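Only one structure is covered here, and it is reproduced in the block below.
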Amino acid sequence: MKTLTPIATALLLAASGAALADENTANVTQNGEGNYAHSDQAGEGTYNNTIMQVQEGFFNEAYAEQYGASDSYINQNQYGIMNEAASYQQGGYENMTTVEQDGVYNSATTLQYYEAYSEIKVTQSLFGNHAYVQQALGEKNYASVDQEGFFNYAQIDQFLSWGSTARVKQYGFGQDAHVEQTGKQQDINLTQRGFANDFQSAQYGWGNDGYIVQAGMDNYAGLDQWGSHNEAVIHQDGYGNDAYTVQDGYFNVAKTRQYGDYNAAYVNQLGLQENAEVHQYGAWNTAIVFQ
């Protein structure tokens, strides 16, 4: 009995996988040297999807995979040298991912697992920025990362979330941001400017909002929201400031503003319709608020 060669076997498997996928489109445009692009739309239930990949420059890498997804879109544009983009859509429908890279050695990873009507957008310029964005088991979520600078890192995780929004903007050098959202209609809006600022947040519950601005160097801001319809504002401008807000109640408002160096503020709200404001000017001040 004649056996199949390894190449023939691979082609047969690819053909059988493709037979389970219908009406998908993949467009690849490459201009330069050493670029690599991979598109995978095989698999059962993969229907009416689109992948667009554009590479201009040298040694860029782009990988896009749609498996068991339908009516979804991945767009990857790379301009520069040694940028990396990897985007995955699995088991969802009507999702969109856009990755724009212009520079050197930037990296972006996006994942949409069993999502619906959700969108991810990553924009990177200059050198060595990294973004990781994941949406899973939710609907109508939006996540965006805009990085312009050097060695910035941003991570957004939207898990079991409905109608939530996370926006991260990083300008400068060595910024770090981690955003986690679970629940309904959560919102985070973060802007980081300067050097080595750090932000960490987790939102659980319903309708919580966070607005954060960090300017300067080596500032830290933390935000945990566990209740419903809470609002937190943190504004830092200086060096080495530390602000942490916890909201585990309902309809609370907390605002922290730090202008100076090495100030520390801690706000913890566990009640209903509480209001707290902390303003710090100068250096080495400490404020603690419990409500």
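Quick note: the coordinates plus some simple rules give every number you see, no bench work behind them. Only a predicted model underlies this, so the values are computations on that prediction, with no experimental measurement involved. Here the Cβ is made from the backbone with ideal geometry for all residues, glycine too, and neighbour counts use every protein chain on show.
How would you classify region 124-272 from its alpha-carbon gyration tensor, with a ≥ b ≥ c the square roots of the eigenvalues: rounded for a/c under 1.5, else prolate if a/b is greater than b/c, otherwise oblate? Mind showing how you got there, number by number?
Values: a/c = 2.65, a/b = 1.14, b/c = 2.32.
It is oblate, given that a/c is not under 1.5 and a/b is not larger than b/c.
Could you work out how much longer the chain between Tyr259 and Phe159 gets when fully extended? Use 0.36 nm per residue separation minus the Cα distance between them, nm to one decimal. Walk me through the numbers on the way to the answer.
Values: separation 100, 0.36 × 100 = 36.00 nm, distance 3.45 nm.
Full-extension gain reported as 32.6 nm.
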Check: the chain dipole with +1 on Lys, Arg Cβ and -1 on Asp, Glu Cβ, in debye: 60
Theoretical gain in end-to-end length, Gln291 to Val28 [0.36 nm per residue, Cα-Cα removed]: 89.0 nm
Principal axis dimensions, region 215-291 - Cα atoms, whole angstrom, descending: 33, 16, 11
In region 111-167, the chymotrypsin sites (Phe, Trp or Tyr not before Pro) that fall in loop regions by DSSP, at most 10 other Cβ within 10 Å: none
Rounded to 10°, Cα long-axis angle of helix 6-18 versus longest principal axis of the chain: 60
Segment Gln200-Tyr281, extension gain: residue separation times 0.36 nm, minus the distance between their alpha carbons: 26.8 nm
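State the volume of the convex hull built on the alpha-carbon positions of the chain, expressed per residue in Å³ and rounded to an integer.
Numbers: hull volume 32.0 nm³, N = 291.
Normalising the Cα hull of the chain by residue number yields 110 Å³.
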Contact order relative to length of the chain, as percent, for alpha carbon pairs under 8 angstrom and 6 or more apart: 8
Selection from Met82, Ala196, Val233 lying farthest towards where the dipole of region 82-290 points positive, charges on Cβ: Val233
In Hz, Karplus ³J(HN,Hα) per residue of region 32-48 (6.51, -1.76, 1.60; θ = phi - 60°; x = Gly, Pro): x, 9, x, 7, 9, 9, 9, 10, 10, 10, 7, x, 5, x, 8, 9, 6
